[in-house]
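Q: I'd like to ask you about the structure that follows.
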Amino acid sequence: MTRWPLPEPMRMALDQAQSAALAGEVPIGAVVVKGGAVIAVAHNAPRGMCDPTAHAEVLAIRAAAASLGQDRLEGCDLWVTLEPCAMCAGAIVHARIARVYYAAPDPKGGAVEHGARVFDQPGCLHRPEVYAGMGEGEAADLLRGFFRERR
């Protein structure tokens, strides 16, 4: 069986997740890409920033919006190592992200294909394309290892 290399944005998101783990944060990383160019990278930082909204996705969306000088990120792709939660899915909707690529599913806290399924709600004003599974094994291993060390 041939293993294809991960797309560079997912590799970068995994590197960000590793940086989060080294900082004592839950290892989740995110990257925003527009037209093939990376415009923002971030990792989870709620503890370090004393901010419960400092999830990787939210921080990457904020940085991308600042970089582009606009609140709408139309035509942008978000690459993230874990299925976004309800808060992050809401931010994705409001930012008008075109496509979401996530590595590992999150049956407990995810809100894209699990839980609230934010993008499937009738009142959802924007529905990005969603692609799951690229880098799933590596992202899941990072998360398992992080929590194993804390138990």
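The values are calculated or read from the model by the stated rules, or taken from the named source; none is laboratory data. All values reported here derive from a predicted model rather than from experimental measurement. Glycine also receives a Cβ, built like all others from the backbone with ideal geometry; neighbour counts cover every protein chain displayed. For the accessible areas, the whole protein counts, side chains as well, though only heavy atoms, and no ligand, DNA or RNA atoms are used. Shrake-Rupley method; radii C 1.70, N 1.55, O 1.52, S 1.80 Å.
Q: I'd like the full set of residues that are open to solvent by 50 Å² or more (accessible area, probe 1.4 Å), modelled with pLDDT of 95 or more and of a type in the set (S, T, N, Q), limited to region 1-18.
A: Gln18
Q: Quick one: in region 122-142, of everything that is in contact with a helix residue (DSSP H, G or I) (Cβ under 8 Å, 6 or more places away or on another chain) and in a helix (DSSP H, G or I), which residue is most open to solvent (accessible area, probe 1.4 Å)?
A: Among those residues, the one meeting the criterion is Glu138.
Q: Mind checking which residues of region 97-110 are farther than 12 Å from Asp77 by Cβ, touching a residue at least 24 places away in the same chain (Cβ under 8 Å) and open to solvent by 50 Å² or more (accessible area, probe 1.4 Å)?
A: Pro105
Q: Mind listing whichever residues of region 20-40 are in a loop (DSSP other than H, G, I, E, B) and either buried (at least 18 other Cβ atoms within 10 Å of the Cβ) or among the hydrophobic types (A, V, I, L, M, F, W, C) (or both)?
A: Ala23, Glu25, Val26, Pro27, Ile28
Q: Does Phe119 count as farther than 21 Å from Ser19 by Cβ, open to solvent by less than 20 Å² (accessible area, probe 1.4 Å) and touching a residue at least 24 places away in the same chain (Cβ under 8 Å)?
A: Criteria met by Phe119.
Q: If you check His94 against the conditions, is it in contact with a helix residue (DSSP H, G or I) (Cβ under 7 Å, 6 or more places away or on another chain), over 15 Å from Met12 (Cβ atoms), open to solvent by 30 Å² or more (accessible area, probe 1.4 Å) and not polar (S, T, N, Q)?
A: No.
Q: Further question on the same structure: Looking only at residues that are among the β-branched types (Val, Ile, Thr), within 16 Å of Phe119 (Cβ to Cβ) and part of a helix (DSSP H, G or I) in region 41-98, which one is farthest from the chain's Cα centre (by Cα)?
A: For region 41-98, the residue satisfying everything is Val93.
Q: Is at least one residue of region 60-70 open to solvent by less than 30 Å² (accessible area, probe 1.4 Å), within 21 Å of Met10 (Cα to Cα) and out of contact with any Cys (no Cβ under 9 Å at 6 or more places or on another chain)?
A: Yes, region 60-70 contains a residue that is open to solvent by less than 30 Å² (accessible area, probe 1.4 Å), within 21 Å of Met10 (Cα to Cα) and out of contact with any Cys (no Cβ under 9 Å at 6 or more places or on another chain).
Q: Output the number of residues of region 32-49 satisfying the condition of being of a type in the set (Val, Ile, Thr) and touching a residue at least 40 places away in the same chain (Cβ under 8 Å).
A: 2
Q: Exactly one condition in (1) within 22 Å of Leu14 (Cα to Cα); (2) open to solvent by 80 Å² or more (accessible area, probe 1.4 Å) is false for His114; which is it?
A: The failed condition is (2).
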